[in-house]
Each structure stands twice: as structure tokens, then as C-alpha cells.
Amino acid sequence: MTEPDRYRETDRPAGQRREIYQETVTDSAGAPLDDASREIYQERVAGPYGDQVVQSEHVRVPSDATRRAATADRVKQVIYFVFGAINVLLLLRFVLLLLGANEVSPFVGLIYGLSRPFALPFQGIFAEPAIGGSLIEWASLVGIIVYSLLAYGLARLVDLVYAPARPGATRNF
């Protein structure tokens, strides 16, 4: 698609007048399905010595499929970040309990307080043997496994939701 725009500079003397021709070309028909569309902006000046290109600019505009893929990638990054942070908290909880860390310490209390809601659904599944001041908390390990699987499942769901549409495919709702 071409959109020309012409105008004349009238503030010059009669022999030096120039006709300026601006053209914007949008080419998306010949582009592959997942490729970006392309816009070309050119400004030509028609003067006594012929046409001269004064300015030329090429712009790539991402296609819908590219934008959807970028959105899906960003959503998956957020999912993996959130569940990664939860898993780190549960792993720290497991190690601190295993080593018998003192709950009076502000850092240990913070880790226990932040990780308790994430370990709570898995409490009581397995017996938690205590050896001296150490405790093997299986709930934290089970939580790490379950939250990792949940993150993977949500990321795959995002892939399904944001999958590019196949050409010619129809959706029946």
C-alpha cells in the first residue's frame, strides 16, 4: 500500500522552487506469516536537476504472532520467577531446619515466617524425624516438587493460550 503526499515549497524564487514528494509504503502481503511488516518512508525532492531522495527510513513493525510470542515469554518469565522464589524459600527452610538453626535469629525467623504458608499444605504427609536439634521436614521437599510441577504446568498452559493461530484453522466454541 502506498500513500503519497505532495506539496510545493512556495517561499523560494520561481527558478528554485522544489516539489517535495513523500511516500509511505507498507508491505505486509509478501512477508512470511511470522515475519514483521515493513514500512518505508521516503521523501523525494523534484527540482531543476531531477528527483533526489532527501530522506529514506525503513521501519519494521512486529507481526501479531511476534507480539503474542513476546507476551507469552514475559508471562512465563513471571511464572518461573514467582515459583522460583517460593522454591528458594522452601529450600532455605529445609536447610535451616536440617541444621537446627535457632528461631530467635531474625534471619531464620524471617525465612520460617515467609515459607510457612507454602509448606503448610504439605505438613503431615510424612513423619518428620528429629535428630538432636535437627529436623528433616519432608513438607518443604514435597512443596518444592509440587510448586515446580505447578510452575511447569502453568507455563505450558500459557504456551497453549498464546499459541499462534494456524492458517486456515477454524475455532468451534
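The values are calculated or read from the model by the stated rules, or taken from the named source; none is laboratory data. Predicted, not measured: the structure shown is a model, and the values here were computed from it. FYI the Cβ positions are ideal-geometry reconstructions off the backbone, even for glycines, and counts take in every protein chain you see. Each accessible area value is taken on the protein alone, full model and side chains, heavy atoms only, with ligands, DNA and RNA left out. Shrake-Rupley method; radii C 1.70, N 1.55, O 1.52, S 1.80 Å.
Note on region 107-144: residues that are in contact with a Phe, Trp or Tyr (Cβ under 8 Å, 6 or more places away or on another chain), closer than 14 Å to Leu97 by Cα and open to solvent by 60 Å² or more (accessible area, probe 1.4 Å) amount to 2.
Criterion first (free of Cβ contacts under 8 Å to residues at least 40 places away in the same chain and either acidic (Asp, Glu) or open to solvent by 40 Å² or more (accessible area, probe 1.4 Å) (or both)) does Leu99 satisfy it? Judged against the criteria, Leu99 is a match. For region 59-77, residues that are loosely packed, with under 15 Cβ neighbours inside 10 Å and within 14 Å of Leu157 (Cα to Cα) total 4. Can we say Leu89 is open to solvent by 70 Å² or more (accessible area, probe 1.4 Å) and either touching a His at 6+ places or on another chain (Cβ under 8 Å) or part of a helix (DSSP H, G or I) (or both)? So Leu89 fails the test. Considering Ala65, Ala46, the condition of being in a helix (DSSP H, G or I), in contact with an Asp or Glu (Cβ under 6 Å, 6 or more places away or on another chain) and at pLDDT below 85 is satisfied by Ala65 alone. Inside region 106-160, residues that are in a helix (DSSP H, G or I) and closer than 20 Å to Phe83 by Cα make up a count of 36. Only residues that are farther than 18 Å from Ile136 by Cα, of a type in the set (A, V, I, L, M) and within 34 Å of the chain's Cα centre (by Cα): list them for region 97-113, please. Leu110 - this is the single residue of region 97-113 that is farther than 18 Å from Ile136 by Cα, of a type in the set (A, V, I, L, M) and within 34 Å of the chain's Cα centre (by Cα).
Look at Tyr152 and say whether it is touching a residue at least 40 places away in the same chain (Cβ under 8 Å), aromatic (Phe, Trp, Tyr) and open to solvent by 60 Å² or more (accessible area, probe 1.4 Å). Step through it out loud before you land on a result.
On the way: touching a residue at least 40 places away in the same chain (Cβ under 8 Å): no; aromatic (Phe, Trp, Tyr): yes; open to solvent by 60 Å² or more (accessible area, probe 1.4 Å): yes.
In short, no.
Set side by side, the residues Glu57, Glu103 differ, and just one is outside any helix (DSSP H, G or I), within 28 Å of Ser148 (Cβ to Cβ) and either out of contact with any Ser or Thr (no Cβ under 8 Å at 6 or more places or on another chain) or at pLDDT 85 or above (or both), which is Glu103.
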